[in-house]
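Take a look at the structure below.
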Amino acid sequence: MIIVMARGHEAIWWPRIIEPGLSRRAQPEARRPEEETVPVRDEAAKLAGEVAELRHAIHREPEIGLDLPKTQAKVLDALSGLPLEISTGQALSSVTAVLRGARPGPVVLLRGDMDALPVTEETGLPYASAVPGAMHACGHDLHTAMLAGAAKLLSARQADLPGTVIFMFQPGEEGYAGARHMISEGVLDAAGQRPVAAYALHVTSNKLPCGMFSTRPGPMLAAADQITVTVHGRGGHASQPHRAADPIPVAAEMVLALQTLVTRKFDVFDPIVITVGSFHAGTTDNVIPDRARFLATARSYSAASQAALADLVPRLIKGIALSHGLHADVEYAAEYPVTVNDAAEAAFATATIADAFGPERGETAEFPITGAEDFSFVLNEVPGAFVFLGACPPDRDPESAPTNHSALALFDDAALAEGTALYAELALRRLARG
Ligand SMILES: [Zn+2]
Ligand SMILES: [Zn+2]
């Protein structure tokens, strides 16, 4: 009925569904998946009101971590009546929904995370968090609502759907590795065969104008590890340090040595960030304490660098302690792997954005960002792409707007229809490709 693809951009993805050996001109009657239906963006726009309602309800009652019973109930309610196979998690309050199309085809996974942050909201929004100390400051309320919207939109096309879609509603992204838990509970096998591709969207309250998409091939987000160090000394009188074993200068030396490690042991084109974010020792000026303790985060962009950090950091810390006659305990906890977009899937996502929304609506990010994501666990198993979506309100400057995780972060509802549409477009077009 309506052809949604602009002629100038169809070449970006169209040739992939042409039969091998035939040129595009040779088969003008070839069936395009969108030709006989309403454009996805129009359907997403029609759903925007109820998607916003769900988003506001989730925003009002944020939950943190792996156990999000109220959020889970809202998702189950939003999905009720749809032709989905639904299962819920054991170790976490996840929701996995499987939509089987009437036509045979591959499996595609779409992921939306559902958890909030331990932040007290200061936005003054009419639907602001009613839970002190908890806020959807990373916009996961939008992801959940958009994914539910996409499930509804795609369910209406079940009769035409050439394959299966897994909707992964995931708790515990913010430091709880919820994606890893869902993988161990079988989300990747929920349809009976592995997905050929997996996609995640993430809204951002700054940097990108509302409705702008951004992705890139290769590393998209950093690996994040936590380093916990305790330097054991021997306390005493601050006026007689030679009779004690002062852990403070030794720990301070470690903090500086970690920065030297970054510049002397790693390729400058495979960057590392180490930040000591917490340092505690002692009680007053005239007492040498028994111990000093600090915490650091380490960010890296390759599995090789992450492995090298896990080896080099403990060795450096222990060596410095030993050289001063002290002892240090080091815990190097590898938390999230680097999030790596498959080059072909990132190109497919970029082409889908250009074709469905217009080329001016997508950018290829020049660099990865230093944040981390547990969608990395999914991308370690299934090729796919992680895509950012600008949700900065139009009356704010994306360059100076409060960032994700800020108590003042605002995510505009106008992004909801766009994210719902992109989730659906990615699934439809990827399934059509086979
Ligand atoms: Zn976050
Ligand atoms: Zn997030």
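The fraction of Cα-Cα pairs per 5 angstrom bin, counted from 0 for segment 86-209, comes to 2, 11, 19, 20, 18, 13, 9, 5, 2, 1 percent, rounded to whole percents. Extension gain for residue 381-residue 128 works out to 87.4 nm (0.36 nm per residue, less the C-alpha to C-alpha distance).
The convex hull defined by the C-alpha atoms of segment 39-143 has an orientation-averaged projected area of 8.0 nm².
Note on residue 259 and residue 103: the model spin-label points, each 7 Å out from Cα along the C-beta direction, lie 6.0 nm apart.
Which peptide among 357-365, 420-428 comes first, and what is the full order, when sorted by highest mean count of other Cβ atoms within 10 Å? Could you put the intermediate results ahead of the total?
Values: 357-365: 15.1, 420-428: 27.7.
Listed from highest to lowest mean packing, they are 420-428, 357-365.
When the accessible area of the chain is computed with all protein chains present and a 1.4 Å probe, what percentage of it is carbon and sulfur? C and S fraction of accessible area: 54 percent. Restricting the calculation to Cα atoms, segment 162-274 yields a radius of gyration followed by a Dmax of 23.3, 78 Å. For segment 74-122, a simple Cβ point-charge model (Lys and Arg +1, Asp and Glu -1, everything else neutral) yields a dipole of about 440 debye relative to the Cα centre. Rounded to the nearest 5, what % of DSSP beta bridges with both residues in the chain are antiparallel? Here the antiparallel bridges make up roughly 65 percent for the chain. When nucleic acids and ligands are ignored and a 1.4 Å probe is applied, residue 260 ends up with an accessible area of around 80 Å².
Largest accessible area first, the residues 184, 305 order themselves as 184, 305 under a 1.4 Å probe with ligands, DNA and RNA left out.
For residue 265, the accessible area of its heavy atoms, probed at 1.4 Å with every protein chain present, is near 130 square angstrom. Between amide H atoms placed 1.01 Å from N, distances below 5 Å from residue 203 occur with 389, all of them 5 or more places distant or on a separate chain. Structure remark: mean-square fluctuation, Gaussian network model of the chain, C-alpha springs under 10 Å; the largest value among 69, 402, 241 belongs to 241.
Sorted largest first, the principal axis extents computed over the alpha-carbon atoms of segment 298-352 equal 60, 15, 11 Å. Each residue of segment 178-188 was assigned a 3J(HN,Hα) from its phi angle through the Karplus curve 6.51 cos²θ - 1.76 cosθ + 1.60 (θ = phi - 60°); the sequence is x, 5, 5, 4, 5, 5, 5, 8, x, 4, 6 Hz, with glycine and proline shown as x.
Residue farthest toward the positive end of the dipole of the chain, with Cβ of Lys/Arg at +1 and Asp/Glu at -1: which of 282, 75, 177? Farthest towards the positive end: 177. Dividing the summed helix terms, -39500 (n - 2.57) for each DSSP H run of n ≥ 4, by the number of residues in the chain produces a 222 nm estimate of -10000 deg cm²/dmol to the nearest 500. By the Cα gyration tensor, the chain has an equivalent ellipsoid whose semi-axes, rounded to whole angstrom, run 46, 24, 19 from largest to smallest.
Of all lysines in the structure, the ones whose alpha carbon falls short of 23 Å from that of residue 46, not counting any fewer than 8 places away in one chain, are 74, 152.
Charged neighbours of residue 163, selected by a Cβ distance under 9 Å, balance to +3 (K, R count +1; D, E count -1).
Scalar couplings 3J(HN,Hα) for segment 50-62, obtained by applying the Karplus form with A = 6.51, B = -1.76, C = 1.60 to θ = phi - 60°, are 6, 5, 5, 4, 5, 4, 5, 5, 5, 5, 5, 10, x Hz; x denotes Gly and Pro.
The values are calculated or read from the model by the stated rules, or taken from the named source; none is laboratory data. Remember, predicted model here, so these are calculated numbers, not experimental data. Counting neighbours? That spans all protein chains shown, and the Cβs are built from the backbone with ideal geometry, glycine included. The area values use the complete protein model at the heavy-atom level, side chains included, leaving out ligands, DNA and RNA. Shrake-Rupley method; radii C 1.70, N 1.55, O 1.52, S 1.80 Å.
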